[in-house]
Amino acid sequence: MASLPHEIIEGILSRLPVKSLLRFRCVSKSWHKLISDPNFITTHLNQANLSNNVKIMLKSDLICSVDNNEVCDQIVILHHPFEAPIRGAEILGSCNGLLCIKSDKEVIWLWNPSTREHKKLPEIPVEFSGSNFSIVYGFGYDPVTDDYKVVSVYSYDDDDDVRHSEVKVYSLSLNSWKVIPDIPYESYHRAGRLLNGALHWVATRCNALDESSLIISFDIGDEVFREVPLPEFEDGKGQVNVAVLAGCLCILHHCKLHLEVWVMKRYGVGDSWTRLFLIGQPTYNQFLGYIKPLCISKNGEILLDKDGEHLILYDPKDGRVRNISIHGLPNWYETEIYLGSLITLNFKENCRNGKMGKFMLTHCIEQMDVA
C-alpha cells in the first residue's frame, strides 16, 4: 500500500466501513492523519450516501442495528451511553451518521453509534407557563455554518385557552439554546423529517377555524418556517404523514379504502408531486395503522415499518407484500435510518484547544474493540 499513490489509498479507504477505519487509524501516522482529516471524513460520508449503505436503527428495550442489505438475517446490539432502561427513550432524528435521542429522563443526547462518541445537551430552558402541552423535535445540519442543530417546537394553551407555539433551537457550535417565539403553527409527529437543509412536520395553524393538515418546513440555516404545497388528492381529505424516501419529500395519504404514497420530484415545486404508488383493497387491510417508509432497495422494493412491529417489503410493480424475517428482532421497536460515519461531535472544540492529535489517538485505541 505504501507504493500506491495517495489518491488511490484515499479512494480505497473512503469506501470502507467505519469499524475498519477506526482500526486502520492505528496502522501508521500517515493513515491516522488521513482518516482523521475533516476532508476525508466528508468524502467518506459522501461515499456512504452514494452507495446507499444505510443502516436501520431499532430501539426497544435495547438499541440494535440492521444493515440494509438484500439479505439481513440478524441484528447487532449496540452499546449506548444512555441511562437504562431505555424503553421510554425517543429517537428525535438522524443526520450524517449522528442520532439525536431523548432519554426517559428528558435528557437529549447526540450520538454517533459507529464511533460511540456522544454528547449530552444542556437542559432546554423553560420560560413560560400554560397547559395542554405538545412538543415535537427535529435534528439537522446547516452546511453553510457547518453546524448541527436540534429543534423543539412547544405548543400550549394560555389562561384564555389561546394556543401558542414557540421554537427552541440548540446549536452544537455554540452549545446553547435560543428561543424563537410566537410561531403560527402547531406541529404533529414528534420527529421532523430532514431534507434539503430543512425539517418537515405535519401541522395546523394555531387558533385557525380551518384545522386542515398542512406540511411546514423549518430551514435549519435561516431558522424560518415555510409552508410546503400539498398534492391534489383525488379522494379529498384523509390522514397525512410526511416522510423522506430516496432523497425526495414523501407524503402518505390514508383514505378509507387505500393508502397513497406521493413524492415531490423537485423540492418546493407543488406541480412536481407524483403519486408513486397506491395500496388498495384487499392489500390495504394488511397496512391499517402506522406506516413509515424507510428506504428503497436496489431491486425497487420499498422497506416499510408497520406499527413498530413488522419490517415489510412492498413491491410497487405487482403489489406484492412480504415480511422480513430477522433473527433476534424485538416484538416492538422504533426505527430510524442512519449512515455509518466518522463525523465527530468534538472536532471544533479539540481543534481550538490544540488537542486533536492526542484526542484522536486515544479515541483510536479505545475503538480497537468496537463491535
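Between E166 and S30, 0.36 nm times their residue separation minus their Cα-Cα distance comes to what? It would help to have the intermediate numbers written out before the result.
Numbers: separation 136, 0.36 × 136 = 48.96 nm, distance 4.86 nm.
Between E166 and S30, full extension yields an extra 44.1 nm.
FRET efficiency for D219 and F277, Cβ-Cβ distance as r, R0 = 22 Å, nearest 0.05?
Working: r = 30 Å, r/R0 = 1.36.
E between D219 and F277, to the nearest 0.05, is 0.15.
In nanometres, what is the gap between the two model label sites at I180 and K298, each 7 Å from Cα along Cα-to-Cβ?
Taking the two extended label points, one gets 4.0 nm.
When the Cα centres of the range 172-216 and the range 101-126 are compared, how far apart do they sit, in Å?
A separation of 21 Å, based on Cα centres.
How do R163, R320 line up, fewest other C-beta atoms within 10 Å first? Mind showing how you got there, number by number?
Working: R163 19, R320 11.
With the sparsest Cβ surroundings first, the list reads R320, R163.
Nearest 0.05, what FRET efficiency do S131 and H327 give at R0 = 45 Å with Cβ-Cβ as r? Don't skip to the answer; put the middle values down first.
Values: r = 47 Å, r/R0 = 1.04.
Taking R0 as 45 Å, the efficiency between S131 and H327 is 0.45.
Please go through the residue pairs K55/K168; K149/K298; K59/K119; K33/K149; K105/K168; K55/K105 and name each one whose alpha carbons sit more than 21 Å apart in this structure.
Checking Cα-Cα distances, K55/K168; K149/K298; K33/K149; K55/K105 exceed 21 Å.
Bear in mind these aren't lab numbers, they're just calculated from the coordinates by the rules spelled out. These numbers come from a predicted model, not from an experiment. Cβ atoms come from the backbone with ideal geometry, glycine included; neighbour counts cover every protein chain shown.
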